[in-house]
Structures are given as structure tokens and as C-alpha cells.
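Working notes for the structure below.
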Amino acid sequence: MTKPAGTHIASVSDATARAKDAQESAELAARAWHLLGEVALTMRAAWLDVAAEFDLTPAQALALRRLEPNTPLPMNTLADAMLCDASNVTGIVDKLEARGLIERQAIEHDRRVKMLAVTKRGEELRRRLLHRGLRPSPAVAALAPDDHRQLIAILDRLLSTR
């Protein structure tokens, strides 16, 4: 059985188009990833400034952000949420506890596990920290509502895959 004339040319053309689309997709993905990295660096710089306003290190501010009032959390869970080793959290917790912002609590059935709880003083500072720290940058605030909706939808999709 013979192929119709021009079939070979069409399949080569289709393969070339698919390869070109794949290359463009890879380049666009790399550009998007680069821009997300730039946004992350900008957000980190802003977070450093916010933490300093409250006389906190960025790690202390992150710990306070991750700890929910009225919901004590084991130290190792906080370490996981901060993407660091539990041994690194000890010094952070020591300083927050010294300022009266959090307290360690033992649990009855396992005294080895230390739960971390936000104090009333810590709740107030945390509330002000989050209010200040989660304020959008002027560039984000200036986006049109449709742009906000599109950005939120894309970021939600990205975060849902982690």
C-alpha cells in the first residue's frame, strides 16, 4: 500500500511545528520561572524591612507568622513550615520567648515534645506584623481587577501542585 502524495511532507512539517512549539514552551517557562524568582527576591527584601520594623529577624518574623494564636504547634512542625532543621528553630524560639511573644508548653503524655503557643503580647505583635507585611506592593496594588483575578488564578494553580 502506498501513502498518498504529500503525506511525508505533512508529517515532517507537523513534527517541525511540534518541536518549535515545545522549544517556545520551554523558553516561556524558563522566563516565567526567572520572573517568579525576581518577584521572590523583591518580596524577601520587603519582608526583611517589615521584620526590622518590629525588631525581629526575618526568621523570627516567619516563625511568628507560621504560629497561629490559640493553636499550639510542636517545634518540629514549625521547623517543617519554615523549611529548616528543628535544631535551627531552637534559637529562634529562645529569642521570641525571651521577648514574651511565644511560650513553650509541655504536653502531658510526652514531655519530650514542646508545643509553641503565641502569647497575648505575641498575638498583638503578630497581628500588626501581618497587617504590615501582607500589604501589597504598589506595583501589585496598581494592577487592574481583571489582572488581579488572573494573577490569583495562576498563583493558586502553581501553589496547588506543591
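Readers should treat all values here as calculations from the given coordinates under stated rules, not as data from a laboratory. In this text the structure is predicted, and so the values were computed from the model without any measurement. Because the Cβ atoms are built from the backbone with ideal geometry, glycine has one as well, and the counts that use them run over all protein chains shown.
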Computed helical MRE - 222 nm, the chain, DSSP H runs ≥ 4 contributing -39500 (n - 2.57), nearest 500: -22500 deg cm²/dmol
Mean Cα-pair separation over length for the chain, i.e. relative contact order, pairs under 8 Å, 6 or more apart, %: 18
Extreme residue, positive dipole direction of the range 12-134, given options Thr57, Ala98, His34 (C-beta unit charges): Ala98
Other-chain or far-sequence residues with amide H under 5 Å of Lys114's (modelled H): Met75
The range 84-162-the range 34-83 distance, computed between alpha-carbon centres (Å): 6
Furthest towards positive pole of dipole, Leu78, Ala22, Leu125, structure part the range 12-134, Cβ charges: Leu125
C-alpha long axis of helix 145-160 to longest principal axis of the chain, angle in °: 80
Matching label, P(r) over Cα pairs in 10 Å bins from 0, in percent computed from the structure shown, candidates (i) 10, 43, 39, 8; (ii) 9, 25, 24, 17, 10, 7, 5, 3, 0; (iii) 10, 33, 29, 20, 7, 0: (ii)
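Check each of the GluC sites (Glu not before Pro) in the range 1-108 and keep only those in coil by DSSP with at most 16 other C-beta atoms within 10 angstrom; list them in order. Walk me through the numbers on the way to the answer.
Values: sites: Glu24, Glu27, Glu38, Glu53, Glu97, Glu103, Glu108; in loops: Glu108.
Listed in order of number, the matching sites are Glu108.
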GNM result for the chain, Cα springs below 10 Å: residue of Ile152, Ile92, Ile107 fluctuating most strongly: Ile152
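Please get the size of the charge dipole for the chain, origin at its Cα centre, with Cβ charges of +1 on Lys and Arg and -1 on Asp and Glu, quoted in debye to the nearest 20. Intermediate results must be reported in sequence, preceding the final value.
Details: 23 positive and 21 negative charges, 49 e Å.
It comes to approximately 240 debye.
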